[in-house]
Amino acid sequence: LIKKLSFNTTEKYQLLDVTKEVEKLIEESHVSDGLCLIFTPHSTAAIILTENENRLRKDWLSFLKQLIKDQKFAHNQIDINAKAHLLSGLLGTDKTLIIENGKIIRGRWQQIFLVELDGPRTRQIVVKIKS
Amino acid sequence: LIKKLSFNTTEKYQLLDVTKEVEKLIEESHVSDGLCLIFTPHSTAAIILTENENRLRKDWLSFLKQLIKDQKFAHNQIDINAKAHLLSGLLGTDKTLIIENGKIIRGRWQQIFLVELDGPRTRQIVVKIKS
Amino acid sequence: LIKKLSFNTTEKYQLLDVTKEVEKLIEESHVSDGLCLIFTPHSTAAIILTENENRLRKDWLSFLKQLIKDQKFAHNQIDINAKAHLLSGLLGTDKTLIIENGKIIRGRWQQIFLVELDGPRTRQIVVKIKS
C-alpha cells in the first residue's frame, strides 16, 4: 500500500510535524503489524524524528545553519541551494518505522517531521505500509 | 516478529554495543532471509553502526560534542537536553539490515550501537524481524 | 532477492553514483511493488541520496572534511582512519526506498551514491529487493 501526502511549506527553513497525517494513513490501512516507510522525494528536504516543542524547532534550524556556516559552495554558481542539498543528504529522506497493533511504535517525544531546507515549496511525502 | 530489549546506560554520553543481543534474536527467530529493523523509541538516543574499539568510542563522543559546541539552545529554558534531541535526530533512531542465511549482513567492523545522549537511563530497542 | 554489486573507488574521498546499477537490478527482478534496501557493509563508507552535479560532489567532500576538521582522534594511534569511521556512522550505510510500478520512487535530483571515505578500495553494495 502506497499513499502520497502533499504539504505546502511557508519558510526557507521549516520543521513541519506530519505525525497526524501519517498515523491517519496507518489507521485507514487496517494493517495491524508491519512496517511503515516514510520517504520524501526531494533533494532539498528531509525526514527526522524529534520532539514537537517550539523552542526546540528553532534550535534545530539554528543547529542546521551552524553546521554549514563557514563553507563556500561551488554548486552555488549554478544554483544557490547547495546548503539545502548537503543538509538533506546528511539528515536523510527516509525513515522506517514499525507498526504494532495498528500503531506506529515511537517514543512519547518522537514526532515525525518534514524538514524544509529550501522553501517555500510544495513537498510530497510517500508512505509505504507493508504488513 | 517484534522483540524488545532493555538496556541500562551508566553515563551521560555512551556508546553501547548491542550486536550480540540483536543477533541472538535473529538466531532465535529462525528467519533465514529477510529484513531486520532496529529502532530505539527515544528522542535523546540513537542507533549507529561503527567499529567497537575503545579509542574510537571516545572519538565518537568528542565528535558529537564538538558538532554542537558553539550553540545556544532556546529549548534549554524548559529542559537542558536540547543537545541530545538534536544529535538523536541527526544520527537517527532506525537502522534496517538484511538477513541472509540466518545472519545479519554487516561488515567486519560494523557493530550495532545504541548511542546514549542523555543518560544514565533505561533504554529500549525494538527489533522487527521480517521474512 | 539479494544482489551484490562491487565498485572500485579511485580516491581517498569520493562520491560514486550507483543509481544505474541499482535500478538495473530492480528492472531484472520484475518486482512491481515493494521495498529496496541498499546497504554497504563497510565502516568507512556510506550511502546517501543527492544530486549528481560536479560542483555539488566537490561541495560534499569539503563539507564532510569541514565537519571533522578541528578534531583530534585517539583511534588514530592504531589506525589513521578515525575520520572515515565517524563520517560513515554519521551519514549511515543503509537507505530504504520504495518500488512502485517496477521503479524506485525518487526525486528528479535524488541519485543514489556510494560515499568513499577511506579509499581507494573495492567496495560492496548489497541490494535487497522485497515485493
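Which ones in the stretch C:107-129 are among the basic types (Lys, Arg) and crowded, with 22+ Cβ neighbours inside 10 Å? Steps first, answer last, please.
We begin by selecting, within the stretch C:107-129, every residue among the basic types (Lys, Arg); these are C:108, C:121, C:123, C:128.
Scanning the stretch C:107-129 gives C:Arg123, C:Lys128.
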> What are the residue pairs meeting all of these: first residue in the stretch A:2-23, first residue on the phi < 0 side of the Ramachandran plot, second residue part of a strand (DSSP E or B) and among the aromatic types (Phe, Trp, Tyr), Cβ atoms under 7 Å, and 6 or more apart or on different chains?
Replying inline: A:Leu15/A:Phe113; A:Leu16/A:Phe7; A:Leu16/A:Phe113; A:Asp17/A:Phe113; A:Val18/A:Phe7; A:Val18/A:Phe113
> Out of all the residues in the stretch C:63-76, which are within 7 Å of chain A (Cβ to nearest Cβ) and either touching a helix residue (DSSP H, G or I) at 6+ places or on another chain (Cβ under 6 Å) or closer than 21 Å to C:Gln124 by Cβ (or both)?
Replying inline: C:Phe63
>> I need a count of the residues in the stretch C:114-131 that are among the charged types (D, E, K, R) and over 18 Å from C:Ile98 (Cα atoms).
In response: 4
>> Can you report the number of residues in the stretch B:24-48 which are out of contact with any strand residue (DSSP E or B) (no Cβ under 9 Å at 6 or more places or on another chain) and free of Cβ contacts under 8 Å to residues at least 60 places away in the same chain?
In response: 1
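If you go through the stretch B:35-62, how many residues are in contact with a helix residue (DSSP H, G or I) (Cβ under 9 Å, 6 or more places away or on another chain) and either over 14 Å from B:Glu116 (Cα atoms) or outside any helix (DSSP H, G or I) (or both)? Outline the logic, then answer.
We begin by selecting, within the stretch B:35-62, every residue in contact with a helix residue (DSSP H, G or I) (Cβ under 9 Å, 6 or more places away or on another chain); these are B:36, B:38, B:40, B:42-60.
Next, from what is left, pick out any that are either over 14 Å from B:Glu116 (Cα atoms) or outside any helix (DSSP H, G or I) (or both): B:36, B:38, B:40, B:42-56, B:59.
Looking only at that region, the number is 19.
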> Across the stretch B:20-56, which residue is farthest from the other protein chains (Cβ to nearest Cβ) among those that are open to solvent by 40 Å² or more (accessible area, probe 1.4 Å) and at pLDDT below 95?
Replying inline: B:Asn54
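Restricting attention to the stretch C:108-118, does a residue exist that is within 13 Å of chain B (Cβ to nearest Cβ) and part of a helix (DSSP H, G or I)?
So the first thing to find is which residues in the stretch C:108-118 are within 13 Å of chain B (Cβ to nearest Cβ), and the list is C:117-118.
Applying the additional criterion that residues be part of a helix (DSSP H, G or I) yields none.
The answer is no; no qualifying residue exists.
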> Counting only residues that are buried (at least 21 other Cβ atoms within 10 Å of the Cβ) and assigned to a strand (DSSP E or B), which one in the stretch A:82-103 is farthest from the other protein chains (Cβ to nearest Cβ)?
Replying inline: A:Ile99
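The values are calculated or read from the model by the stated rules, or taken from the named source; none is laboratory data. Note that this is a predicted model, so its numbers are computed, not measured. As a convention, Cβ positions derive from the backbone with ideal geometry for all residues, glycine included, and neighbour counts pool all protein chains shown. Note: areas computed on protein heavy atoms with side chains; ligands, DNA, RNA excluded. Shrake-Rupley method; radii C 1.70, N 1.55, O 1.52, S 1.80 Å.
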